[in-house]
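One structure below.
No value in this document is a laboratory result; all are computed from the given coordinates. Being a predicted model, the structure only gives us computed values, none of them experimental. Cβ placement follows ideal geometry from the backbone for every residue including glycine, while neighbour counts extend to all protein chains displayed.
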């Protein structure tokens with residue numbers, strides 16, 4: 001992939017997220033689905049696309065949601081419902097699709113532009129993981145708000 005196309009994908013995704021990365025390699029890694037032809041970003045070897053960032057992002061998503069629940073003073077039973085609904089793969093896929101992130105996923109060439117639901121969910125999680133590594137938890141909360149991942 002050309003450097004121009006990479007820059008366009010990163011810039012377009014940053015516009016959707018409402019967040020400007022200090023280290024755009026983190027976002028580029030988050031956009032690499034399993035099977036992507038990109039196997040190295042700098043010195044990092046991507047053994048399975050964005051899966052490592054997705055695991056981090058899943059944890060960060062939960063941390064932000066639990067922190068928001070804690071400060072709200074809401075009943076403890078509410079947090080389990082929030083975590084299961086907001087953090088579900090179905091919801092993450094829907095949020096990614098609704099916000100247009102599927103246009104920026106660099107996937108397996110055999111899938112011809114189709115982003116499967118689990119891949120979209122992992123990409124949303126990986127994006128949150130990338131934001132966390134780039135600048136911390138408050139920025140993740142702001143990106144989650146922008147994407148519509150914060151409960152009412």
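At a glance:
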quantity	calculated
Contact order normalised by residue count of segment 3-147, Cα under 8 Å, 6+ apart, percent	37 percent
Nearest-ten-degree value, helix 117-135 long axis tilted from longest Cα axis of the chain	80 degrees
Kirkwood hydrodynamic radius (C-alpha pairs) into Stokes-Einstein, the chain, 4 °C and 1.567 mPa s, D in µm²/s	84 µm²/s
Most fluctuating residue given options 90, 54, 15, as computed from a GNM of the chain linking Cα atoms under 10 Å	15
Among 24, 110, 84: highest mean-square fluctuation, GNM of the chain, C-alpha pairs under 10 Å	110
Calculated FRET efficiency for the pair residue 74/residue 15, C-beta based, R₀ 30 Å, to 0.05	0.35
In degrees, nearest ten, helix 89-98 long axis to first principal axis of the chain (Cα)	60 degrees
Helix 76-86 axis, angle to the chain major axis (alpha carbon atoms, nearest 10°)	20 degrees
Extension gain (nm, one decimal) between residue 23 and residue 84, 0.36 nm per residue minus Cα-Cα	18.9 nm
Among 130, 77, 30, residue whose mean-square fluctuation peaks in a GNM of the chain (springs only between Cα atoms under 10 Å)	77
Distance between modelled label sites at residue 44 and residue 145, nm, 7 Å Cα→Cβ extension	2.6 nm
